[in-house]
Amino acid sequence: MGETILQINHLSKSFGTHEVLKDIDFTVQKGDVTSIIGASGSGKSTLLRCINLLETPSSGEILYHGDNVVGRGVNAPAYRSHVGMVFQSFNLFSNMIVLENCIVGQVKVLKRSREEARQHAMHYLEKVGMAPYINAKPRQISGGQKQRVAIARALAMDPEVLLFDEPTSALDPEMVGEVLSVMQELAREGMTMLVVTHEMAFARDVSTHVVYMSDGVICEQGSPEEVFGNPQKESTKEFLARFRSN
Amino acid sequence: MDKVIKLGQDIVLLWKNYGSAYLGGVWNTLALATVATLIGCIIGLVCGILNTIPYTKQDPLPKRFLLKLIRIIIRAYVELFRGTPMVLQAVFIYYGLPYFSGNTMRFESMWMAAILIVSINTGAYMAESVRGGIISIDPGQTEGAKAIGMTHVQTMTSVILPQALRNIMPQIGNNFIINVKDTSVMFIIGFTEFFAFHRYITGVNNMYFPSAAIEMIGYLTLTLVFSFLLRWVEKKMDGSDSYELVQTDALTMSAGTYSHPDRGTPFDERSKEHRERIKMGLKNRNGSMRGGR
């Protein structure tokens, strides 16, 4: 196994009195492709948002290469620049063209020169097949194209791990494929990925780890063969049975 | 009809005698409205930005206290200047300063006083507009910026403010047009803008109505010209509706060099019959392909 990038210990998150995450423990190692599955409201997205510090965990710790990033005195922006995130709603900057979306972070955060940033951005835009659209504004391209640009934007920052928060849930069915194939390609190249998804086929075929969450706890985890082929817990079986018919 | 002609004659007469006075008034009005709107926008922008600095329970106490204090001060400023008439504020500040300083301090120039009063008034309105503009931006934009490691300042300058400013352009325009008209109350402290000349001119003769007609036409022309200009600026800010595809796909590059016996090159000279034959051939081929599926 590779080195540990993220280690999450006893992570909890409450919104008011509602406890969304309860005592979560798990680790992400270099090269892992971890799929987090579970019913809506089971805390999957909240977990991912906590990992990127978009939500502040109520308790527990997140160790990034052994250093805790939760709490005061932590440089959250610097940490986030190593952990990329792709959102369900794309969140492309609507005041910038596609190319600028992929350049701005490199120039402002990583202090790269514009030319270097441009080349880097082009490399990833070509990779996701969006190079012809670099002059388009986000409102002018389709959902699948937006998501591919969002992936290129995250990749251009050279993150160590990439978080995907339901990347295909806001897409029309015919656009899901183009995004999933980009993600599959990334996984094949050894990118460390943490994917919250409802695409069971993707979780089964592409990921190296599957985590099943229910009611804010990790109910079951293991290799895709273990979780999909031979689920141990009753709730996992019930959840997976819903996808059997497809 | 006679009356209308009479009005026209009176207007011409007035304009002949006092045209340059009216124009001078227009100039003063425009200068005051422009400068005060600009300064007001800057005040509003600063207030709006300070007002939207986020803080959480995790932040240290002094920071939270300071941010809360700033919000209270801005709130008080906005409520005070939005809640009292500008004409009264003008009198209050213009005469209040020498009153309180025992005549040691007073406004050296009318311009200074007028610009100050109109600016802080505009600022009070703009502060709320800017705050509204900032909070109306989809939170996803902030999250997207945060996720690539931007700080709050970077997020604001690169992502949020450019969008917020576009959204509050109609408000800026609104304030400017209101200022063009409402600077007319500055006659109260003796500032000679457009309307002040009406008072001055009708004091010399008694052509109240013709002079008022000139004022009406003047103000309406000014505001119409500016609302047109503002629309144009907004359109410019939105940029082009279309975009160009950049072809970097290696496959499409070879499209022009594709060769086929029937096709020749674009430079070939061919007879009309030959072209017809090719067209028919293509049609048949397409037809058979569709049939085959």
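Applying a threshold of 6 Å to beta carbon distances and a minimum spacing of six or more residues, or different chains, the list of pairs starting in segment B:83-94 at a residue that is modelled with pLDDT of 90 or more and ending at one that is open to solvent by less than 50 Å² (accessible area, probe 1.4 Å) reads B:Met86/B:Asn121; B:Met86/B:Val185; B:Val87/B:Val185; B:Gln89/B:Ile117; B:Ala90/B:Ile117; B:Ala90/B:Ile189. Residues that are open to solvent by less than 20 Å² (accessible area, probe 1.4 Å) and in a helix (DSSP H, G or I) within segment A:144-158 comprise A:Gly144, A:Gln147, A:Val149, A:Ala150, A:Ile151, A:Ala152, A:Arg153, A:Ala154, A:Leu155, A:Ala156, listed in sequence order. Residues satisfying the criterion are absent from segment A:180-193 (criterion: β-branched (Val, Ile, Thr) and either open to solvent by 40 Å² or more (accessible area, probe 1.4 Å) or within 19 Å of A:Ser94 (Cβ to Cβ) (or both)).
At the interface with chain B (Cβ under 10 Å from one of its Cβ atoms) and part of a strand (DSSP E or B) - does that describe any residue in segment A:75-84? Yes, that holds for at least one residue.
I want to confirm something. Restricting to segment A:85-97 and keeping residues that are closer than 20 Å to A:Leu180 by Cα and part of a loop (DSSP other than H, G, I, E, B), which single residue is nearest to the other protein chains (Cβ to nearest Cβ)?
Start the filter on segment A:85-97 by keeping residues that are closer than 20 Å to A:Leu180 by Cα, which leaves A:85-92.
Checking the rest, the ones that are also part of a loop (DSSP other than H, G, I, E, B) come to A:87-92.
Numbers: A:Phe87: 7, A:Gln88: 9, A:Ser89: 5, A:Phe90: 8, A:Asn91: 3, A:Leu92: 7 Å.
Looking at the filtered set, the residue picked out is A:Asn91.
Across segment A:123-137, the number of residues qualifying as facing another protein chain (nearest Cβ under 8 Å) and either part of a loop (DSSP other than H, G, I, E, B) or open to solvent by less than 60 Å² (accessible area, probe 1.4 Å) (or both) comes to 7.
Pairs linking a residue in segment B:237-256 that is within 10 Å of another protein chain (Cβ to nearest Cβ) to a residue that is at pLDDT below 50 and part of a helix (DSSP H, G or I), with Cβ atoms under 8 Å and 6 or more positions apart or on different chains, are B:Gln247/B:Met253.
Yes or no, residue by residue, for (1) of a type outside the set (Ser, Thr, Tyr); (2) within 18 Å of A:Gln221 (Cβ to Cβ); (3) in a loop (DSSP other than H, G, I, E, B):
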{"residue": "A:Leu21", "(1), (2), (3)": "yes, yes, no"}
{"residue": "A:Val28", "(1), (2), (3)": "yes, yes, no"}
{"residue": "A:Gly31", "(1), (2), (3)": "yes, yes, yes"}
{"residue": "A:Ala39", "(1), (2), (3)": "yes, yes, yes"}
{"residue": "A:Ser42", "(1), (2), (3)": "no, yes, yes"}
{"residue": "A:Thr46", "(1), (2), (3)": "no, yes, no"}
{"residue": "A:Leu54", "(1), (2), (3)": "yes, no, yes"}
{"residue": "A:Gly60", "(1), (2), (3)": "yes, yes, no"}
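With respect to (1) facing chain B (nearest Cβ under 9 Å); (2) farther than 30 Å from A:Leu63 by Cβ, the lone exception for A:Arg153 is condition (2).
Test A:Met183 against the stated conditions and say whether it is under 18 Å from A:Leu48 (Cα atoms), of a type in the set (A, V, I, L, M), free of Cβ contacts under 8 Å to residues at least 60 places away in the same chain and in a helix (DSSP H, G or I).
Working: under 18 Å from A:Leu48 (Cα atoms): yes; of a type in the set (A, V, I, L, M): yes; free of Cβ contacts under 8 Å to residues at least 60 places away in the same chain: yes; in a helix (DSSP H, G or I): yes.
When the stated conditions are applied, A:Met183 passes them.
Listed by first and then second residue, the pairs with beta-carbon distance under 9 Å, at least 6 apart or on different chains, first residue in segment A:103-126 and of a type in the set (Ser, Thr, Tyr), second part of a helix (DSSP H, G or I), are A:Ser113/A:Val107; A:Tyr124/A:Cys102; A:Tyr124/A:Ile151; A:Tyr124/A:Ala152; A:Tyr124/A:Arg153; A:Tyr124/A:Ala154; A:Tyr124/A:Leu155; A:Tyr124/A:Ala156.
Among the numbered conditions (1) within 13 Å of chain A (Cβ to nearest Cβ); (2) out of contact with any Gly (no Cβ under 9 Å at 6 or more places or on another chain); (3) open to solvent by 40 Å² or more (accessible area, probe 1.4 Å), tell me where B:Leu165 comes up short. All conditions pass for B:Leu165, except number (2).
I'm checking my understanding of the structure. Among residues of segment A:108-122 that are assigned to a helix (DSSP H, G or I) and at the interface with another protein chain (Cβ under 9 Å from one of its Cβ atoms), which one is farthest from B:Glu143 (Cα to Cα)? Here the residue is A:Met122.
The residues in segment A:79-107 that are surrounded by 20 or more Cβ atoms within 10 Å (Cβ to Cβ) and either among the polar types (S, T, N, Q) or closer than 14 Å to B:Glu143 by Cβ (or both) can be counted, and the count is 15.
The values are calculated or read from the model by the stated rules, or taken from the named source; none is laboratory data. All values reported here derive from a predicted model rather than from experimental measurement. Note that we place each Cβ from the backbone using ideal geometry, even for glycine, and neighbour counts take in every protein chain shown. The area values use the complete protein model at the heavy-atom level, side chains included, leaving out ligands, DNA and RNA. Shrake-Rupley method; radii C 1.70, N 1.55, O 1.52, S 1.80 Å.
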